[in-house]
């Protein structure tokens, strides 16, 4: 009988708990969460905002799931301190929970830029957009007359704008970059997305930032870096996230930008593991640079691997590359790997109205792709990136036609069909 | 020539209420009758290319297709009917010999349908095959004049070479080339399971098929394609093909485009070259010459394989058969004028040869009269359509029958008579790999087994009804037959009485 | 666990499996109605293989991986593995984010026309044998255990 403790009830934490239970039927598994809700699909909060997802469907698994796996979840409980010597965690309720194996899956928090006169504690109409609670609060606050300003034209900001669309009077998205989703897309792809969203009368103020807000108990006006000012009833700050490393750092665990882990997801301290958005992962495309990836599939994978390893397995976590699948008002974007033109020996772009198909090839390997509204077999591309498949060994030139499973030789296909391990 | 008198033979009707535009018909029609019009996003039809093979009709998941005779009529004329006119249009356009496939479709009498079988009533008991043993096994080959036994009842007579059939039905010669590899495999596997034989035809035998050797008859024809010592020894018996019912007196022609790697290897000819079988065997101009070939083959196989000789049913079949027996054949195969073919000149197919029923009766009669009937077995072919045709053939004097058309129909042939185009949509008479694939031997050999097993049951029922419990007892028992709608001459040739006599 | 295995040497590329897959996904299982009344996505894909002289085909559908990437990529919890090992998608929960399509190494999950959900093979788990297998005219797809399939390959 061991005691497993998991801090964080997100994708990494829950997948870890499931993995632990798969290998260890009897030990106790506890999850501590500072949120008041059971495990929910975090990216669904914009769908909740729009009304597409009803409250009962936001939960990732039902109650029965935790019961059948005998996983105990302590909601609304914050881990205050980790004592790695005594092997216990002090909670906000003053409880000390001891563990044999600990997983830190604390995720990330919104980054709040410096904006003159902005005060989250005082102003009641400013929001971040990362949790279900954020979304509930925002949904309660908006009216048909709301003039909404969103700081950040990244994935979260744009999804927030989509969630709000049709429910408010106006939406303005402000970003310092020259394009939307600057961390994911090049200008040409970003323009397609931006144009599409602009058709819904959502305004973009790019290459600008909000430098000042007016209003005491609530923000009433924002001032941009070019001096322009306009009315604002709701301000959503979605300029990015930062990994939650303080708890680990204070416990003496090695951290840089994120928590440092070895290839088995163990931190610098024995029996303490970390996974998900709070850790630094090895980048598939760079041997030195460890990066923090805030990606759902990555969090699930790392959680599962950490979970298995906490029960004594020795599974190596794979290197990570960026991947995103997201839609904006029916326009579907799927991308993975390195997509910037600067690092490639061949970029193949096939674009028509509202459609784009871009492959980034380097040294006979596919290193990245962007597909807009052209997505049926995207996973095969992802596999080619992941497996570092030599493109010259394939049945045809992948830039010459739509990809299919027929890109592999008959022997390779048979092998893959019989293996079908899935994996990480 | 832009002026084309030809009009479609068939009309393809698509029920728009049922068609779901799934394009299965488009993918399946090798003649490109069905096609997808991208501009209008709809599946369309070109009637003129349709051969009425029913592939699309069969595979259409909503049964939205019907094929009918093209409703265009010529002015009614009993003599210059539409077919006669259209043939002239075709020949005047191309200057070519008209080609046809499968057997003679013309309305000549079908004697099987003018003969009826007997059954036991009161004075002799009928037999229930479900309760009592019933033998449908036959033995092919020479039979001894008489049997000698020693004092202890032990057989002293040395028995000649024989092969045994569990059912008196075999699959006719259809060459690899004229039919597909998968069709061959289906026939071979079915023959093995049924305890009967299939025939290689004159295309040689792929080494892959040697494993079915004990159920294989290897053919030697005028082109001698694929004939070598190993081949001769691979089968259970050898058949010398002199003639074929569909095209007596002429040879064969496998177009070069059907001679791919595999066909080339089994036929021992270069890839892409036409395989032309001469009309005669150039070493056979007499019965004596035939005897030489028969014994050459026996010599090559150490006198271990019976040798059959196959002839087409023609005017002097009885006399020819007598000669063939005297030349030393162990079995004589007679192929009637309705026998099928992959390709034959239409005029030959429709106008040369005689009905198998009459040839069979004449030959059996002649051999008996000459006292040589037991020297060899008599096998008939040329449109045996069902089990009652088999029983009637045996009552007329046959030992066994060959089926070709019936076998390919079991494999999916819909008698569209277009084998010669090489684009058989059912994967039978084609060498295109994507079409050959459509005939899955795993499925199709079972259909052949089903067919022959069903016939075997029916044969037993018919025998039992006549009070006969072994098919050997029916052979040549013409008293079991009565004619209807026949004139006196026909009855005389058939050697049967009129119904009521 | 039984899965659908495709035999390329037998596949005609007729795409009847796609027709019957769509039919299987329609309540009344009537081919005409399934295609006329509703735009249903087939969860089986027929692909072409171009050889030097010929075209061959094979059908492909979800392989129900041991450790499915699609489940871990799913943001809504719609994708799950049932107790029989069948990977299924709950269309009530699916929001059509296509994360599963992004990671499926076989490329066999398809976006539905409504853009709000995806289609994938569930082996017709709710009613007997897979429809595509039952209706393949050439036995080119079979419902087999892995061992049986290996023996036939």
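The values are calculated or read from the model by the stated rules, or taken from the named source; none is laboratory data. Predicted, not measured: the structure shown is a model, and the values here were computed from it. Ideal geometry is used to build each Cβ from the backbone, glycine not excepted, and the neighbour counts take in all protein chains shown.
Within the range A:162-187, the residues that satisfy the criterion of being assigned to a helix (DSSP H, G or I) and in contact (Cβ under 8 Å) with a residue 60 or more places away in the chain are A:162, A:163, A:164.
Residues of the range A:117-129 that are surrounded by fewer than 19 Cβ atoms within 10 Å (Cβ to Cβ) and in a strand (DSSP E or B): none at all. Inspection of the range B:385-400 identifies at least one residue that is surrounded by fewer than 18 Cβ atoms within 10 Å (Cβ to Cβ), in contact with a helix residue (DSSP H, G or I) (Cβ under 9 Å, 6 or more places away or on another chain) and within 30 Å of residue C:137 (Cβ to Cβ). Those strands (runs of 3 or more DSSP E) of the range B:33-108 in which 3 or more residues are in contact (Cβ under 8 Å) with a residue 40 or more places away in the chain, in contact with a helix residue (DSSP H, G or I) (Cβ under 8 Å, 6 or more places away or on another chain) and surrounded by 11 or more Cβ atoms within 10 Å (Cβ to Cβ) occupy B:65-69.
For the range B:468-477, a tally of residues being more than 17 Å from residue B:126 (Cβ to Cβ) and either assigned by TED's automatic domain parsing to the domain that holds residue B:395 or surrounded by 18 or more Cβ atoms within 10 Å (Cβ to Cβ) (or both) returns 2.
For the range B:210-223, check the following and say yes or no: at least one residue is in contact with a helix residue (DSSP H, G or I) (Cβ under 7 Å, 6 or more places away or on another chain) and either at pLDDT below 95 or closer than 14 Å to residue B:342 by Cβ (or both). Looking for residues that are in contact with a helix residue (DSSP H, G or I) (Cβ under 7 Å, 6 or more places away or on another chain) and either at pLDDT below 95 or closer than 14 Å to residue B:342 by Cβ (or both), one finds at least one in the range B:210-223, hence yes.
Can you tell which of A:300, A:340, A:351 is touching a residue at least 60 places away in the same chain (Cβ under 8 Å) and within 10 Å of another protein chain (Cβ to nearest Cβ)? Selected residue: A:300, the only one of A:300, A:340, A:351 that is touching a residue at least 60 places away in the same chain (Cβ under 8 Å) and within 10 Å of another protein chain (Cβ to nearest Cβ).
Exactly one residue out of A:395, A:378 is over 18 Å from residue A:319 (Cβ atoms), without any contact (Cβ under 8 Å) to a residue 60 or more places away in the chain and buried (at least 20 other Cβ atoms within 10 Å of the Cβ): that is A:378.
Exactly one residue among A:308, A:293 is in a loop (DSSP other than H, G, I, E, B) and farther than 28 Å from residue A:199 by Cβ, and that residue is A:293.
Okay, residues lined up against (1) buried (at least 20 other Cβ atoms within 10 Å of the Cβ); (2) closer than 28 Å to residue A:280 by Cα:
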residue	(1), (2)
A:315	no, yes
A:322	yes, yes
A:328	yes, no
A:338	yes, yes
A:406	yes, no
A:409	no, no
A:421	no, yes
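So which residues in the range C:67-90 are touching a helix residue (DSSP H, G or I) at 6+ places or on another chain (Cβ under 9 Å), under 16 Å from residue C:2 (Cα atoms) and surrounded by fewer than 18 Cβ atoms within 10 Å (Cβ to Cβ)? Correct list: C:81 only. Filtering A:99, A:132, A:66 for residues that are farther than 30 Å from residue A:217 by Cβ, within 14 Å of another protein chain (Cβ to nearest Cβ) and either at pLDDT 95 or above or buried (at least 18 other Cβ atoms within 10 Å of the Cβ) (or both) leaves a single hit, A:66. May I ask you to say which residue of A:130, A:93, A:138, A:158 is in the same structural domain as residue A:276 (by TED's automatic domain parsing) and in contact (Cβ under 8 Å) with a residue 12 or more places away in the chain? Being in the same structural domain as residue A:276 (by TED's automatic domain parsing) and in contact (Cβ under 8 Å) with a residue 12 or more places away in the chain holds for just one of A:130, A:93, A:138, A:158, which is A:93. Scanning the range A:79-116 for residues that are touching a helix residue (DSSP H, G or I) at 6+ places or on another chain (Cβ under 8 Å) and part of a loop (DSSP other than H, G, I, E, B) yields A:105, A:106, A:107.
From the list B:147, B:130, B:116, the one residue that fits, being more than 22 Å from residue B:333 (Cβ to Cβ), outside the structural domain of residue B:256 (by TED's automatic domain parsing) and part of a strand (DSSP E or B), is B:116. The residue list A:402, A:397 contains one member that is on the phi < 0 side of the Ramachandran plot, away from chain C (no Cβ under 11 Å) and out of contact with any strand residue (DSSP E or B) (no Cβ under 8 Å at 6 or more places or on another chain), which is A:397. Residue A:265 fulfils the conditions (1) buried (at least 18 other Cβ atoms within 10 Å of the Cβ); (2) over 30 Å from residue A:85 (Cβ atoms); (3) in contact with a strand residue (DSSP E or B) (Cβ under 6 Å, 6 or more places away or on another chain) except for a single criterion, (2). Among the conditions (1) away from chain C (no Cβ under 14 Å); (2) touching a strand residue (DSSP E or B) at 6+ places or on another chain (Cβ under 7 Å), the only one that residue B:14 does not satisfy is (1).
Determine if the range A:49-60 includes at least one residue that is free of Cβ contacts under 8 Å to residues at least 40 places away in the same chain, assigned to a strand (DSSP E or B) and either in the same structural domain as residue A:269 (by TED's automatic domain parsing) or touching a strand residue (DSSP E or B) at 6+ places or on another chain (Cβ under 7 Å) (or both). Checked the range A:49-60: at least one residue is free of Cβ contacts under 8 Å to residues at least 40 places away in the same chain, assigned to a strand (DSSP E or B) and either in the same structural domain as residue A:269 (by TED's automatic domain parsing) or touching a strand residue (DSSP E or B) at 6+ places or on another chain (Cβ under 7 Å) (or both). In contact with a strand residue (DSSP E or B) (Cβ under 7 Å, 6 or more places away or on another chain) and assigned by TED's automatic domain parsing to the domain that holds residue A:412: does that describe residue A:338? Spelling it out, residue A:338 is indeed in contact with a strand residue (DSSP E or B) (Cβ under 7 Å, 6 or more places away or on another chain) and assigned by TED's automatic domain parsing to the domain that holds residue A:412.
A quick yes/no check of all residues on (1) buried (at least 22 other Cβ atoms within 10 Å of the Cβ); (2) more than 22 Å from residue A:130 (Cα to Cα); (3) in contact with a helix residue (DSSP H, G or I) (Cβ under 8 Å, 6 or more places away or on another chain):
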site: A:277; (1), (2), (3): yes, no, yes
site: A:301; (1), (2), (3): yes, no, yes
site: A:306; (1), (2), (3): yes, yes, yes
site: A:348; (1), (2), (3): no, yes, no
site: A:359; (1), (2), (3): yes, yes, yes
site: A:362; (1), (2), (3): no, yes, no
site: A:366; (1), (2), (3): yes, yes, yes
site: A:370; (1), (2), (3): yes, yes, yes
site: A:373; (1), (2), (3): no, yes, no
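Do we have residue C:119 as closer than 26 Å to residue A:298 by Cβ, more than 7 Å from chain A (Cβ to nearest Cβ) and surrounded by fewer than 24 Cβ atoms within 10 Å (Cβ to Cβ) here? Judged against the criteria, residue C:119 is a match.
Taking the range C:1-114 and the strands (runs of 3 or more DSSP E) fully enclosed by it, the elements with 2 or more residues that are facing chain A (nearest Cβ under 9 Å) and under 14 Å from the mean Cα position of the chain (by Cα) are at C:3-6, C:45-50, C:55-60. The sole residue among A:331, A:356 that is more than 14 Å from chain C (Cβ to nearest Cβ) and farther than 21 Å from residue C:105 by Cβ is A:356. Residue B:465 falls short on exactly one of the conditions (1) in contact with a strand residue (DSSP E or B) (Cβ under 7 Å, 6 or more places away or on another chain); (2) outside the structural domain of residue B:311 (by TED's automatic domain parsing); (3) surrounded by fewer than 21 Cβ atoms within 10 Å (Cβ to Cβ), and that condition is (1).
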